[in-house]
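Data block below; observations after.
Every number here is computed from the coordinates shown, using simple stated rules; none is lab data. In this text, all values refer to a predicted model and were calculated from it rather than measured experimentally. We place every Cβ from the backbone using ideal geometry, glycine too, and count neighbours over all the protein chains shown.
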Amino acid sequence: MNQVLEDIYQKPVIPVGQLPNTVSKEGEEKDTWQWMIDWLDKQVEGTVVYVAFGSEAKPSQEEVTEIGLGLEKSKLPFLWVLKLQRGPCDPEVLRLPEGFEERTRGRGVVCSTWVPQLKILGHVAVGGFLTHSGWSSVVEAVQNEKPMVLLTFLADQGINARVLEEKKMGYSVPRDEHDGSFTSDSVAHSLRLVMFEEEGRPYRENIKDVKDLFVNTENQERYIENLLNLLSERRAPNLMA
């Protein structure tokens, strides 16, 4: 691929690696993480669904309803990060399905603030990740060997999902081919398939097999070193003007 791009653009192409994230130091997240880890520690290993769709995507009210009912129908414990509003000027404030919190109390948690995602994914209680397929989230899932259920919304997420599907690293929630809608039943089925059913075993195994490609420290450092060397070699007076 590098050679193809070099031939097209007639410029050097150097991979910089996956740039995997690292867990941040204790700080403003301390209180948030404390109650989360207290809750996660009480759950059975590998049973919790972590649900998050990044900082840009905001599902519609209809989509939130189907996701919520899907989590309820799955019967799985869950930790759902849901942005209810895009800032104080956003007139569309999302709502959970009527009675959802009462029916799932004790089994699930909904959080509308920032969360330490890498720490959550690293917890042994988490067994699956319902994600929008944003690349940072994908890398973090692979780092922690968490199989993915994919629910895309915008930008490059659809392309990422296609790649993950092809490699059987993630399973996309089935959608209506005409309008792109999905149902609570399809959400529940997808979660249980990827996390527990025999049909979903490839997703659970493949995510472990590819981990070294993403988080091999030696390889990642070599990519960066090669890039810095190239920049140093090609630095010229006219570039520094």
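Just the Kirkwood number for the chain, please: inverse of mean 1/r across all distinct Cα pairs, in Å, one decimal.
The Cα-based Kirkwood calculation yields 19.7 Å.
Can you compute the helix-only [θ] at 222 nm over the chain? Use -39500 (n - 2.57) per DSSP H run of at least 4 residues, normalise by all residues, nearest 500 deg cm²/dmol.
Here the helix-only value at 222 nm equals -13000 deg cm²/dmol.
Calculate, in nm to one decimal, what Ser55 and Lys42 gain on full extension: separation in residues at 0.36 nm each, minus their alpha carbon distance.
Using 0.36 nm per residue and subtracting the Cα-Cα distance, I get 1.9 nm.
Can you give me the pair-distance distribution of the range 81-192, C-alpha pairs, 10 Å bins, whole percents?
12, 38, 40, 11, 0
Cross-link candidates for Lys83: which lysines have Cα within less than 28 Å, leaving aside residues fewer than 8 places away along the same chain?
The qualifying lysines are Lys25, Lys30, Lys42, Lys58, Lys73, Lys75, Lys119, Lys146.
Please give me the summed charge of the neighbours of Pro97: other residues whose Cβ is under 10 Å from its Cβ, Lys and Arg +1, Asp and Glu -1.
Its environment carries a net charge of -2.
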